[in-house]
Every structure is written in structure tokens, then in C-alpha cells.
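The values are calculated or read from the model by the stated rules, or taken from the named source; none is laboratory data. Bear in mind that the values here come from a model prediction, so they are computed numbers and not experimental data. Cβ coordinates were reconstructed from backbone atoms using ideal geometry, including for glycine residues, and neighbour counts include every protein chain displayed. These accessible areas exclude ligands, DNA and RNA; they are computed on the full protein's heavy atoms, side chains included. Shrake-Rupley method; radii C 1.70, N 1.55, O 1.52, S 1.80 Å.
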Amino acid sequence: MSRSASRTCEQMHRRPVRRFLALGVAASLVAAACTSTGSDGRVVIEVFGPYRGEEAVGFAATFAPFEEETGFDVRYVGTGSFAADIQKRVTEAELPDIAIFPQPALITDIASRGLLAPLPESIIDTDSSEKRSLGSATIGQHAVWFRGGAKSLVWYLPTAFADRGYEVPTTWDEMIALSDTMVGDGVAPWCLSIESFASTGWVGTDWIEDIVLREQGDVLYDQWVAGDILFDSSEIRHAFLTFGTVVHGNKTVVGGTNRILNTPWQDAAAPMFEDPLRCMMQRQASFWAPQIPEGFTFEQDIDFFLLPGPTEAPPPILVSGELAAAFNDRPEVAAFMEFLSTPEAGEGWAELGGFISPHPDFDPSHYGSEIDRRVGQVIEDAPRIRFDGSDQMPPVVGTGTFWQAMRDYIRTGDVDAAVTLVDDSWPRAVQLPEG
Amino acid sequence: MPPDSSTDQLLAGVPAVSLWDRVREREVWTDDQREEVLDELFPDDHRQIQYVKRFAVLIVLSTMIAAFGLLANSAAVVIGAMLVAPLMTPMLALSASLVYAQMRRFVGALLMVIFGTIAAIAVGWFVAFIASGGITPESLDSEILARTSPSLLDLGIAIAAGLAGGYVLTHKGSMSSLPGVAIAVALVPPLATVGVTLRLGATDLATGALLLYTTNLIAIVLSASIVMLMSGFVPDHIRLLARGKMGARLLPWVIALVAVAVPLALHTRSVIEEESFSRLVSQTVVQWDPRATIVDLDTDIGGNRASVVITVATSGDGRPVWELAQLIADTRGVDVDVEISFQNVRTDASSTS
């Protein structure tokens, strides 16, 4: 059955929008309410996002109940290079109805061009607590945090720890001491690899962000992410050097620098599941969990502890996830945005596993996966959460030079070059000469 | 043979035998002639031992040739193996003894076929074992893969070959066509394929090859039986008296034929569906980016999601892959996962003088 939709109505209205923008009128213009219908007569909502494969199936479970209730046809297409593709779609004015953004910075960027529709009044997030920061106020007005993930997790095998007499560290210093002990015992403490096609480097940025959050606190973290503190500052350089003790230490990472740079991030911890295992800990986000091999039960065979802070107090948690934002305010599109903002939206996907709801009112009984439930609890209980820094930085940095800097730093150990690369690329307001 | 000169008959005042009568005319067999044919197909006496020895040697050698030929991807060698293969004979013996109701010969021929089947698979396995350096299921080439996914076409071939085999046997003077029949029918190459693929652990490929062989076996026996029945090979008294029993003897084979036709039909349909989806993807690629050429394409439409793994050469930046996925999904009405590799082709030129 062909799924082609009649879209002439949309296209007709797009051209006037482009002309307006060309004239420099940066009004918050929105495509006129002109519905798109499929060949079966159903109203079509086009969604564009980063989910592929199993995640795409999970997302389908999310909108299936919405489709049933409303009779709308949600058509989702996902891409492996979302950041580049959404920019291209904006440039070519081939906009979807809704996009699912893994980086808040892209939202800020696109909203500043007047292309995003503000959220319906009823669902604007008015939570202004210090606990959570997703970035600028623009985000709060235009985007719904739909799916969450925690990044400050260290995965390990409890039985392997017990066998060797290792204890879960509760402070950063304890963790470093444990790492030294492991090296002395002849096993690499860290499983780490970062290869990820054009996005290689993001694993390193997560490390730096977690370290900055712990060494410097959330206020400085926010300033750094906003660009008010340079990468070439003593605080951020210190974070790089701390990371250096992990990646450049003698036998601290299994396989050495070569493996770090060339092995896909999904396979980083494969040596941890070998017998005998060849690395003991992996600091990695919750979305790595689907890589856990069959036969390893969560909590018995594999578990995580929170990446510790400087003291025994509960550490801040680096979070990630995706935010949905709409390019127009057609009634069906607004209806879907409202649906995505409800705790019920995540239930279908949570039951399949691989979905964590950032919604405080989410009913945890819908989690099909124990890991998801635990991580949801981690986000809920954290004293402070901060959204991934590189995802908030300007795209040229956050999905560009920061990744490159991490690749370079891991390979060469040259902090100077790394921080300069990023600072030089940061789009700052041009200082006009005076007089 | 009855006198066949219609002119003579006319002159003698006897009504001429019409052309239709001539066509329907069956060969006249004497009991000695029948016994001769059956004996050649499967000897019942002291020559049986030599027959079995000869059969064993030929089955091992022909399968060896076939297995090596398949691994070397040489069609000529595989055809050579088919000419040496001795499996056709016991199968025709099965047909003959089936319609002639000779239980002892039937059991004997059946045992030969079973023994030959097992021996051939074992030889195929052994050849793959000794030649195992570097062969993986992925590196198998066209000759061997062609034997792993049978369709209804192969059933048609087997039926036609079985009819031909039966005809050749019961119409003297057509023995020169027997090699042709042997080649058309795939008996030893699929068995060699079963052995080789089992050794490589590719059980799904082995199942396909076994299905191909079984199809041929059943179709040949059944078709040859029918031709023999129609050709007057069976003496009238047996044919008329034992009609019910004849049906009972043939019925299991008919059921077996229908039984293999079912997976073949399903397989054919899925093959057609896969090929049609593959063609659709190729066409969609042109629609998506006219400058792109397909270097490699692997599609799979079984299951609820379709999968496309594609390598594309393009001289420009290319269109984003999500557009291709959306085009495929919209045209075919199915959700699809696309993985793409781009090869950038850049042409340039330079001269000196």
C-alpha cells in the first residue's frame, strides 16, 4: 500500500516563509495550518529524529496509542547523522513537522531563526528549580524533554569485584586508588573506546563533562557550557589532565590508545565479558545497556555504580536524552507535542526496554527493564542533574571541534592544542575595534 | 511391430490405420525384453555385487568431482560429475519396479538410493574438510549457491527430466539422450552441496540443497513411473488387474511430491518477493539521487521490517540517506532500515606536451 502523502499544500506555503526570512524579517513565522493527508485519507504528521533500528521500533511503540486514539498517521524517519541532516533540511526548507533533537543546542540555534513553533501554553515547563538545567529559556519554551538517559554510570561485574576483593569506590580518590590496585594486580581498570563514525569523540566529551561537574561544581559547569569560561582555563585544562591520567596511564586502559580510538564504542567493554576478563570498569551512559551480552543478569552479573564525586555525598548526574520540538502549530502537530509531554507517552517504549522517562510523574511499573527503572530512579534522586554539555554548546563545537579535540588529545596528549582548537572555533560576538 | 503400410492395407481392402492410431500405438514388449530392462537397471542375481561395487565407486568419484567443481566454481567440472553419476539408474529402477510390482527389486533399488545419498553427502563433507582452508559460508560462489535455494522451476525441471528418463528407458533407440537427462537433473551436485555446507555449518543452505535433491528424486521416480505406465512397459494383465494396487503404490509418491511442492512454492514466492523488493530499491535509488550508482545491494523483506544494505558510488555530495529510506518506505508501504556506504568517485585529467 503506497504511503505517499499529498504535500503540495505544505510546499505552497513554504516559499512565502523563505522570502520573508530573506527579507530579514525574523518574526516567529510558522507554516500556515495546511494539513497533509496520506493516500488512505489519514492526517499525516512527519517526525524526523535520530532513532534507528531498535530505537525506531521503540519510538513506534510510543506513538502507536496516539495514532489509535486520534486516527492520525505518524510517519517517522531516522538518520544516523541527525545534526548535519536537520541543518540541511533547514537550509533547504524541507522541514518535518516535528524533530527529535539529541542536542539542545540545535534547538536554540533553529529557534533563533524563527523556525520553531512555541509549545502550547498548557505544556510549557515552568519547573525553574535549580536541580535541573536543560540550557537556555528558549529550550523550555520550545521543547519537550521526551526521553532521558544518565551518563555518570560506571559499569562493572560484581562477582569479579568480589573475587578480587575490590570494593565499589564512593569518592573519586578511592576510585583512582582502586584503579592503581587493579593495575598492580595485572588487569586494566578501564574499558574504553570511542569510535563512532563521524561522531567519534563524544565518549571523551562525556568524561570531561563529568569531571568538570565534579571538580568544579555545577555553577562553573553552566558557565563553561555557555562559553563564559574558555577551554583554555586552568579549571578545564585540569579536567583534561585528570582524564589524561585515565587514558594515558600505564596499562590503565585495555588495548591502549590504538584500541581506544579504533574500536566502536558499543564494543568497548567486550573484554570485560571475556573469561578471564581483561578490564574491570566502563564509564558509560545508560544507553549502552543493550550491548550487555545475553546471559548477564543485571544486578547479579553486571551492575553500575555512580561515578563518584570528590566526597561521599551523592554526586551530580550528567544526563542526556532527546527533546522534541515542532516546526509548525497545526492542530494535529500540537496534539502530538502535548502527547509527548505526558508521562504516558513513554509507557509503550519503556515496556519494550531501552527507554527512560525524565518525567517525574512517570509510573515505574511500566519499565520492562530493571536497568531502565534503576536509571530512572538515579535521575529522580540526583541532587543535581545537568544536561550533557557538548549537546548544549554551539553545534560547530559540540558536534565538531570538541569531538576532534578529544580524538587529538587521546592520540597525542597535547592539552594546549586541544583546548586552543575548541576555543578558536567557538562562535563569539566579534569585538569591534574602538575609535 | 504390426504392419505399418497403410497403402498395403488399402490395397488389401482393410481399413487403414489412422495417424492417431499410430500415435497412440504403444511399443510391444515381450517379457524377456522387460526383464532385460529391469536387469540393467538393477540386477537380481550374481551380478548384483558387481553392480553395487560399481555404483559405490562411481558415487564417491562423481561426488568428489562435483564437490571440487562446486568449490572451484567451475560449471564444466560440475557437469562432468553429472555424467559420471550413477544415481539416475537406481531411481529409474525404483520407477520400473514400482509399476511392475517387483517388491524385491524395489527394496534393493531404494537401499541403493539411500546408500548413494548418504555416501554422496559424506564425500561432500569430506572434500570440504580437506579443502577447508579459508572457505566460509560467505565466500561460497554462484555454482554452489545455485543449488541451495530451489523453486518451483526446479520442480518443473525434475518432472520433465523424469519424463524424459522414463521415455528413454522404454523407447529403444533413444539411449543417446540419456546423458542429456542426467545433466538436466541435479542429483549429485545438490548432495555434494549438502555435504559441503554442513561442514561449513551453514545448515540453512544445506536444507535448501537437500530440498532440491529430494524434489528431484520424487519427481523423477513419479514421472518415470507414469511414462512407463503409458508406454506399455507394464504387461496388460498386471496393469488391469492391479489397478487399485498400482494407485496405492503410486499414491505415497504423489503425496510426497505435493509435500515438497509446498515449501518450494513458498520459497518461490518469497524469492519473487525479495527480487521484486530488490528491484524496487534499485529504482528508488535512481529517484533518490540520479548521480548515484549502486555498487552493492543486499535486501531482505522477510519479517515486519525490511532491511537494505547498500554501497553507492557517487560523484557529488550525495543526498542524505534518510530521504532514500523515506522513499522506499512510502513506495513499498513497509518500514525499512537502511545502511549505506558511500564510495566517492572523482574523475580528473591531465596532459603534458
Tell me, in nm to one decimal, what length is gained between residue B:75 and residue B:245 on full extension, where the rule is 0.36 nm per residue of separation less the Cα-Cα distance?
-> 56.9 nm
Note the angle between two axes, namely the Cα long axis of helix B:47-71 and the longest principal axis of the Cα atoms of chain B, as a number of degrees from 0 to 90, rounded to the nearest 10.
-> 20 degrees
Sort the following peptides by mean Cβ neighbour count (other Cβ atoms within 10 Å, averaged over residues), highest first: A:187-195, A:37-45, A:345-353.
-> A:187-195, A:345-353, A:37-45
For residue A:275, what charge total do you get from the other residues with a beta carbon under 14 Å from its beta carbon, if Lys and Arg give +1 and Asp and Glu give -1?
-> -2
Rounded D (µm²/s) - region A:143-262, Kirkwood Rh over Cα pairs, Stokes-Einstein at 37 °C, 0.692 mPa s | 203 µm²/s
Calculate the mean, over all residues of peptide A:69-76, of how many other protein chain Cβ atoms lie within 10 angstrom of the residue's Cβ.
-> 1
Would you mind classifying region A:209-346 by shape? Square roots of the alpha carbon gyration tensor eigenvalues, ordered a ≥ b ≥ c; an a/c under 1.5 is rounded, otherwise it is prolate if a/b is larger than b/c and oblate if not.
-> oblate
Output the peptides A:66-76, A:318-328, A:164-174 sorted from most to least packed, where packing is the average of other Cβ atoms within 10 Å over each peptide's residues.
-> A:318-328, A:66-76, A:164-174
Rounded accessible area per residue of region A:345-429, 1.4 Å, Å² = 39 Å²
Any idea what the dipole of region A:248-297 comes to, in debye rounded to 20, about its Cα centre with Lys/Arg Cβ at +1 and Asp/Glu Cβ at -1?
-> 280 debye
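Between beta-carbons, use under 15 Å as the cut-off and find the net charge around residue B:198, counting Lys and Arg +1, Asp and Glu -1. List each step's numbers first, then the result.
Working: positive: B:147, B:199; negative: B:204.
Taking every Cβ under 15 Å from that of residue B:198, the sum is +1.
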Would you mind telling me the antiparallel percentage of the DSSP bridges in the protein assembly as shown, rounded to 5?
-> 50 percent
Given a Förster radius of 35 Å and the C-beta distance between residue B:315 and residue A:417 as r, what FRET efficiency does 1/(1 + (r/R0)^6) yield to the nearest 0.05?
-> 0.50
Taking H as built 1.01 Å from N, whose amide H comes closer than 5 Å to the amide H of residue B:335, not counting residues under 5 places away?
-> B:306
Summed buried accessible surface, chains B and A, 1.4 Å probe, nearest 100 Å² = 1100 Å²
Please state the charge dipole magnitude for the protein assembly as shown, taken about the Cα centre, from unit charges on C-beta atoms (+1 on K and R, -1 on D and E), reported in debye and rounded to the nearest 20.
-> 3440 debye
Taking the Cα centre of region A:72-121 as origin and charging only Cβ (+1 Lys, Arg; -1 Asp, Glu), how large is the dipole, in debye to the nearest 20?
-> 120 debye
Peptide A:139-150: average number of partner chain Cβ atoms within 10 Å per residue?
-> 0
Find out how many positive minus negative residues lie around residue A:398, taking Lys and Arg as positive, Asp and Glu as negative, among other residues whose Cβ is under 9 Å from that of residue A:398.
-> -2
Can you pull the Kirkwood radius for region A:34-120, inverse mean 1/r over Cα pairs, to one decimal in Å?
-> 14.1 Å
Rounded to two decimals, what ratio of Rg to Rh does chain B give with C-alpha atoms and a Kirkwood Rh?
-> 1.13
List the relative contact order of chain A as a percent without decimals, with contacts defined as Cα pairs under 8 Å and 6+ residues apart.
-> 24 percent
Applying 1/(1 + (r/R0)^6) with R0 = 22 Å to the Cβ-Cβ distance of residue A:233 and residue A:424, what FRET efficiency is obtained, to the nearest 0.05?
-> 0.95
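Across peptide B:254-261, how many C-beta atoms of other chains are within 10 Å of each residue C-beta, on average?
0
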One finds, for residue A:344 and residue A:296 with R0 = 30 angstrom and r their Cβ-Cβ distance, a FRET efficiency to the nearest 0.05 of 0.45
Of the accessible area of chain B, with the probe set at 1.4 angstrom, what percent is carbon plus sulfur?
-> 62 percent
Treat the protein assembly as shown as a sphere of radius equal to its Kirkwood radius over Cα pairs and apply Stokes-Einstein at 37 °C in a medium of 0.692 mPa s; give the translational diffusion coefficient in µm²/s, rounded to a whole number.
-> 101 µm²/s
